[in-house]
Structure formats: C-alpha cells, structure tokens
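Q: First, the structure itself, so that you have it in front of you.
The values are calculated or read from the model by the stated rules, or taken from the named source; none is laboratory data. Model, not experiment: these values are computed from the prediction. Note: ideal-geometry Cβ built from the backbone for every residue, glycine included; neighbour counts use all protein chains shown. Note: accessible area is taken over every heavy atom of the protein model, side chains too, but ligands, DNA and RNA are not part of it. Shrake-Rupley method; radii C 1.70, N 1.55, O 1.52, S 1.80 Å.
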Amino acid sequence: MAEQPGTLLFYLKRSTEFLEKKEIPNPRVDAEWILSDLLNLPRIKLYSQFEMPLSPKEIDLYRERIVERSKRKPVAYIIGKKGFHQFEYFVSEDVLIPRPETEELVDFLFKQKDTLTKEFPNGFQIWDLCSGSGCIGLSLAQLLSPQKVVLSDISEKAIEISKRNAEKYQLQDVSFFVSNLDNSLPTDLQFEIIVSNPPYIPETEKKEIMPDVLDYEPHLALFVEDILEFHKALFFSAKQRLKPGGWFLMETHPGYIQELESLALSLGFVSAKRILDSSMKERFLFLKTESQFES
C-alpha cells in the first residue's frame, strides 16, 4: 500500500523504523499499541484506517510517546493500562506490570472452581497479599464469586491504583489495606484462600534484569534482600490468617522454590505442591493448612 505523508500508516512506519534503530524488541507491535491507545481504536482496526490523516496534536503526542518507548519505558506505563486474563487494569510506575505467568496463577484457581465449592460449601474469602495493581485479587473476585476479597500492599500508591481498578469493574465486597504483610489487617480476619505475587528476586540478581524492568518498575515489588527471611515472615503471616484446610497459592522464584517449600512445611503447612508454568519452570507454590478433620 502506497503511504501518503501525514497518514496513520506514514507515522506508524516511521515510528517502527525509529524503535528498530533503538533496538527495541517488537517495534511494530509497540508502535501499534501506542497508536491504538492514542486514537482510542482497537489495534486490529488500525489496519482499516491506514489512510486516515492524523491531526497535529495526535502527531505530537505520538512522537512524544514513541520517544518514551525508545528510552525503554514499558508500553503499559506509557498508555497507563495492561491486559490481564479476561480484563484490563490501570497501571502506573507505582505497581508492577501484570505478567502472563501471573495469569497462570489466576487460571490455576479458576480451574479449581468446582473443588473450591466442595471444600468450602459455605463460601470463601480471598486475601491478595502484596496485591500491587490488584490484578490477581480483582480477577478472582470476578471469576470465582467469593464472599469477600481483601487486597493489601505495603505501598499506599499501589492501593490507590487497585481501588481505581475495583471501581472500573464496579466490584463490591472488596476491602483495601496499606499493610506490611498482615500488620494492619483486623486481628480476627481470616481466609479460606490466600494468593500472593510477592517480591522474590534477590538483590544480587539486579544486574541480570533487563533495563525496561530495572529502570521503571518499583523495586519494592521486585527485590528482596534475603529471600528466605522475607518468605519466613510471609509464610507466618499467611498461616496465621488461614482457616483450617485453607489454601495458599503464590508465585515465586524457580531457583529457590525447593528451599521455600521446605521452609513452609517447617512452619506448619501440611502439604506443598510445586506447579510448573507454561515455560516448564517451577513458578508456583501451592500450600495447605491442616483441616479441622485431620489429626
């Protein structure tokens, strides 16, 4: 297709070439996502609008955002949102960008829906611990119809983002706490299910992290100084908040999962199962507390 100066296709091609020169992975896809958001058009619809002229304001904004991407700023932060599972959530540099592997954690529980109904016939409450954008807890609120969902994070700004996401989907029965683990939760609050994607990358691995992540995503949500000490406190908080027979499902570091499994069992969880992600890494740890019917 012949491109006319000033058209959507003209700027899309120029932007793709610019990002390519800056060695940005998937330059065309990124250029399309930024443009589709700017024009409020589904990405697929760009292909039927190639000859559409862009206004001077749209051109300026598009150039500005493409320059941001060339500096490795993630597309999700540029457009302020990210698709996750069946949903789309607001994000900012105060929260981690939801990852495809975290969708697998949500999917695992979604596939257990019938089992959950049998194990917890009177209903269940979910706690999303280290909730960030709220993508895990708010997705489960919509997929599993729990009685209540509690989101907690040490970052006040992260909780503000998760509140916006709950409002977007008009979710009721969701509570929010700015809390270091369970310190700020009401003392009598207990759950049948706890989910978590806590920080789990040791500080020593910072040098291995790509600049898109290291320069823009919140280090508080990514890195821990001592992975075992941090998880000891995390497991303790989770265990004292779980009801008998309760479930704890977390995303973690495949290189440390065996040690974390042993640690969890030593702290009183009665069963532990390592679960593979789609790239065949042991990414998730599924723990249970003792049932009231077990001796």
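Q: For the range 227-288, what % of the accessible area comes from carbon and sulfur atoms, probe 1.4 Å?
A: With neighbouring chains kept in place, the figure for the range 227-288 is 54 percent.
Q: Beyond a 20 Å Cα-Cα separation, which of these cross-linked pairs lie in this structure: Lys81/Lys163; Lys22/Lys71; Lys82/Lys239; Lys111/Lys273; Lys118/Lys148?
A: In this structure, Lys82/Lys239 exceed 20 Å between Cα atoms.
Q: Roughly how many Å is it from the Cα centre of the range 102-138 to that of the range 173-201, as a whole number?
A: 13
Q: Okay, moving on. Go ahead and estimate [θ] at 222 nm for the chain from helices alone: -39,500 (n - 2.57) per DSSP H run with n ≥ 4, summed, over the residue count, rounded to 500. Spell out each step's value before the answer.
A: Working: 12 runs with 122 residues, N = 295.
Using -39500 (n - 2.57) per qualifying helix, the result is -12000 deg cm²/dmol.
Q: What are the semi-axes of the equivalent ellipsoid of the range 10-158, taken as the square roots of 5 times the eigenvalues of the Cα gyration tensor, listed largest first and rounded to whole Å?
A: Working from the Cα gyration tensor, I get semi-axes of 38, 16, 13 Å.
Q: Exactly which GluC sites (Glu not before Pro) in the range 191-233 are in a DSSP loop and have at most 14 other Cβ atoms within 10 Å?
A: Details: sites: Glu192, Glu203, Glu205, Glu208, Glu225, Glu229; in loops: Glu225.
Counting only loop positions with at most 14 other Cβ atoms within 10 Å, the GluC sites (Glu not before Pro) in the range 191-233 are Glu225.
Q: Still on this structure, I have one more. Please sort by residue number the trypsin sites (Lys or Arg not before Pro) in the range 1-56 whose DSSP state is loop and whose Cβ has at most 10 other Cβ atoms within 10 Å.
A: Values: sites: Lys13, Arg14, Lys21, Lys22, Arg28, Arg43, Lys45; in loops: Lys22.
Loop-located and lightly packed - none at all.
Q: From largest to smallest, what semi-axes in whole angstrom does the range 173-295 give when each is the square root of 5 times an eigenvalue of its alpha carbon gyration tensor?
A: 26, 18, 13
Q: Counting only Cα atoms, I'd like the Rg/Rh figure for the range 137-226, Kirkwood definition for Rh.
A: Ratio of gyration radius to Kirkwood radius for the range 137-226: 1.02.
Q: Could you order Asp188, Asp226 so the one with the most accessible surface comes first? Probe is 1.4 Å.
A: Highest to lowest solvent-accessible surface, that is Asp188, Asp226.
Q: Quick one: among Leu105, Leu140, Leu228, which has the greatest mean-square fluctuation in a GNM of the chain with alpha-carbon springs under 10 angstrom?
A: Maximum fluctuation in the GNM of the chain, among the listed residues, is at Leu228.
Q: If I take all pairs of Cα atoms in the chain, what percentage of them are more than 29 Å from each other?
A: Value for the chain (Cα pairs over 29 Å): 41 percent.
Q: State in Å² the accessible area per residue of the range 36-102; use a 1.4 Å probe, count heavy atoms of protein chains only, and round to the nearest integer. Write out the running numbers ahead of the final one.
A: Working: 3550 Å² over 67 residues.
For the range 36-102, the solvent-accessible area averages 53 Å² per residue.
Q: Quick check for you: with a 1.4 Å probe and neighbouring chains kept, what is the accessible area per residue of the range 115-233, in Å²?
A: Per residue, the range 115-233 has 47 Å² of solvent-accessible surface.
Q: Roughly to the nearest percent, how much of the accessible area of the range 57-187 is carbon and sulfur, given a 1.4 Å probe?
A: Details: 2690 of 6140 Å².
That fraction is 44 percent.
Q: Give me D for the range 183-251 in µm² s⁻¹, whole number, from Stokes-Einstein with Rh from the Kirkwood sum over alpha-carbon pairs, 4 °C and 1.567 mPa s.
A: Working: Rh = 13.7 Å.
Answer, rounded: 94 µm²/s.
Q: Here's something else I'd like to know. What residue among Leu234, Leu38, Leu249 shows peak mean-square fluctuation when the chain is described by a Gaussian network model with Cα springs under 10 Å?
A: Leu38
Q: Can I ask one more? Under the rule of at least 5 residues apart or a separate chain, name every residue whose amide H is placed under 5 Å from the amide H of Phe191.
A: Those qualifying (amide H under 5 Å, at least 5 residues apart or on another chain) are Leu242, Lys243.
Q: Taking the chain as a Gaussian network, where each spring joins two C-alpha atoms under 10 Å apart, which residue of Pro25, Pro254, Pro218 fluctuates the most?
A: Pro25
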